[in-house]
Every structure is written in C-alpha cells, then in structure tokens.
1. Quick one: count up the residues across the stretch 60-78 that are out of contact with any helix residue (DSSP H, G or I) (no Cβ under 9 Å at 6 or more places or on another chain) and over 18 Å from S9 (Cα atoms).
2. Tell me, please, whether a residue that is assigned to a helix (DSSP H, G or I) and either of a type outside the set (K, R) or out of contact with any helix residue (DSSP H, G or I) (no Cβ under 8 Å at 6 or more places or on another chain) (or both) can be found in the stretch 85-96.
3. Could you list, in sequence order, the residues of the stretch 57-93 that are open to solvent by less than 60 Å² (accessible area, probe 1.4 Å), farther than 16 Å from V115 by Cα and of a type outside the set (A, V, I, L, M)?
4. Residue pairs, Cβ under 6 Å, 6 or more apart or interchain, first in the stretch 269-285 and more than 12 Å from P313 (Cβ to Cβ) and of a type in the set (A, V, I, L, M), second open to solvent by less than 10 Å² (accessible area, probe 1.4 Å) and outside any helix (DSSP H, G or I). List them.
5. Of the residues that make up the stretch 152-170, is at least one among the hydrophobic types (A, V, I, L, M, F, W, C), modelled with pLDDT of 95 or more, open to solvent by 30 Å² or more (accessible area, probe 1.4 Å) and in a loop (DSSP other than H, G, I, E, B)?
6. State the number of residues belonging to the stretch 50-78 that are in contact with a strand residue (DSSP E or B) (Cβ under 9 Å, 6 or more places away or on another chain), at pLDDT below 95 and not small (G, A, S).
7. Scan the stretch 128-143 residue by residue and report those that are assigned to a helix (DSSP H, G or I) and either touching a Phe, Trp or Tyr at 6+ places or on another chain (Cβ under 8 Å) or in contact (Cβ under 8 Å) with a residue 40 or more places away in the chain (or both).
8. Please name all residue pairs, on different chains or six or more residues apart, with Cβ atoms under 7 Å, provided the first residue is in the stretch 153-182 and is over 15 Å from D95 (Cβ atoms) and the second residue is at pLDDT below 80 and of a type in the set (D, E).
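The values are calculated or read from the model by the stated rules, or taken from the named source; none is laboratory data. The structure presented is a predicted model; accordingly, all values stated were derived computationally and were not measured. Don't worry about glycine lacking a Cβ; one is built from the backbone with ideal geometry, like all the others, and counts go over all protein chains shown. These accessible areas exclude ligands, DNA and RNA; they are computed on the full protein's heavy atoms, side chains included. Shrake-Rupley method; radii C 1.70, N 1.55, O 1.52, S 1.80 Å.
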Amino acid sequence: MYITTDYPSVLLIYTGGTIGMIENPETGALENFNFDHLMKHVPELKRFNYRISSYQFDPPIDSSDMEPSYWAKLVKIINYNYDYFDGFVILHGTDTMAYTASALSFMLENLNKPVILTGSQLPIGTLRTDGKENLITAIEIAAAKNSDGMPIVPEVCIFFENHLMRGNRTTKINAENFNAFRSFNYPALARVGIHIKYEPSLILKRDTALPLKPHYLFDANVVILTLFPGIQQSIVSAVLHVPGLKAVVLKTFGSGNAPQKEWFIRELKEATERGIIIVNITQCTSGAVEMERYETGIHLLEAGVISGYDSTPESAVTKLMFLLGHDLSNKEIRNKMKTSIAGEISKSKH
C-alpha cells in the first residue's frame, strides 16, 4: 500500500530496452542495471519534489519479444496502482514501442491519467545518452496538472526527442537518429524547449466521472499483407487461407488503391464472405485511405474491405487484435474499426 502525499507521484515501469542499460567497464557489453541504482545514474531526479516509485520487469525483455501477454501485465500494474499515482512512465525498447502504446490506448478504457512511454537510442549510462532527457521530461509530463488539479495529458503517449505524441498515432521512423518517432497524421500534443508547450485542443477530453476500465484480452490471429507490383495470386490466396485467420491489415498504394485483377478482388470478396475482416490502410507514411476517390478503391469496398482511414499499421493491427479478443460480432468489429475509440483515426482532414 502506497501512502498518498501532496507531492506529485509517478510510477516508473521498466520493461527493458536500451535506456536501462549500462556498459560493463570490464567487458564493454551492455547489461541491464537495477533500477534501485536509478538515482545514482540520474541524480537530477532528486531535484524533483516528486514521489517516484519503480517497478521492474524481471527479467527485463527486449522489445522485439513484446507480445500481448506483456501488454496485459502492464495494464494490470497500472490498474493495481491507479489510485496511488498521478501518472505512469513506461520505459520501453524503441522497436515495438508504438505497438505497445497503441495497444494500451485501447486496453485502458476511460483512462484519466497520463501513461507516457519513452526510451532512448543510447543507454542511459553513456555520455551522450538521449535517455536522461527523455526520462526526466516524461516524468514531468506524467505529473503535470492543470490549475484545477486535473492531469494535463490524460492519455497514452510517446515522448521522444522533444515531442509528446499520441501513442496510437506514432510510428518509429529512424533506427539511427535521436528523433526516432513521428506522428504523421496528428500534430504533437506538446513540444519541449525551454518550456513544455502543451496543445490543449489536441488532447483527448475525458469524462472524469467514469472509472478506469482495464481490458486484458487479445486475439492475435491477424496478419499484415503489404501489396507490391507483381504480387502473386498464390501468395495472396495462401495468406487469406491461413487456418484460424480472422483479420487482415491490407497495406495498399496511395489513397487506398490496389490491383484491379479479377482474381485479386475475388480473393478479397471470398475472404470477407468467410468472415475475415480486411482493413485498408495506406503504405504511405502520411495521409489517409479514401476508398470512394478512385475506381480501384470502390472495387475494394464492393468486395467488403473497410477503410482504416489514416490509421498507423501499429494501431490498426493492435486494434483488430483487441476487438477480436472481446467476443464481438463481425458487424460490431467492422463498425468499431471505422470509429475512433481512443483518438486513433480521423475521418476528416485537419
């Protein structure tokens, strides 16, 4: 049991990843360090007048091994500690951070506190690490409140390299530079310079009277199918006939276009008639699917394919897995995929 105080309180959850590693001076190898030593490596945290507690995955996991069971574990940790902390910071490897942020945005229904994911490209123990700045600012954002005492950012976000982004709008775009993440289809919720400049009009509005409703169930029988010129019928057919397959994220060209070959449309139509949900998103990093715009898109609509609008691949696939895990009818899932349930899609241009 945590004792509540007047100090802002943040729970730091370390899942693994580069940020929590230090170099062994004898071997030069990167090793996970115990978060009990956090204050030693980031002494700046002592200057916060905050109560900072930590929870560490044991053993820490590489983010490449992230999967729905770990998402459920994170939700359990947040739900159990929800009343004891003002906000939560999740330290996570960068490779799958956007998937985790998207999944949590759907799993934490009625969330009314900040859940900020961050990490780093360089370990926190190295001289030029970006981890220190990311960690310190993420903690400050997680604890930040308006003049009325309400959290400024009551949603799941990624903070990286001076930008606070909605988690389910964010994609990793760079394996080398510090600005590893980008939110192409939705503006940053805050920009960090000398001051943290929030954009209140862009942040989700929450009904504070509703209690947090945690969800834990996922069905991972989904696949991402990326189209390319020359894609073969045998490949498409094999993917659409995978045993147990329930949903497909179809990455199409431009504003939602696909080959007009008779076999291709037929394969999609037969799949949707078998109950497989096919969601159309664009391969472009920026922009949205507009299936009514060209004849090619209209043929997809007629085949039963639904629009993913401006969804990221990470958001589309985790949303499908989430909805499939909750015993909804095919029609309900199709309707919810076309509806924003956590700010993940825009049906009209900004």
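1. Here the count works out to 7.
2. No: zero hits.
3. Correct list: F57, P60, S63, P68.
4. I277/A247; I278/V248; I278/L250; I278/V305
5. Within the stretch 152-170, one or more residues are among the hydrophobic types (A, V, I, L, M, F, W, C), modelled with pLDDT of 95 or more, open to solvent by 30 Å² or more (accessible area, probe 1.4 Å) and in a loop (DSSP other than H, G, I, E, B).
6. 8
7. Passing the criteria: G131, K132, N134, L135, I136, T137, A138, I139, E140, I141, A142, A143.
8. E161/D130; F178/D130
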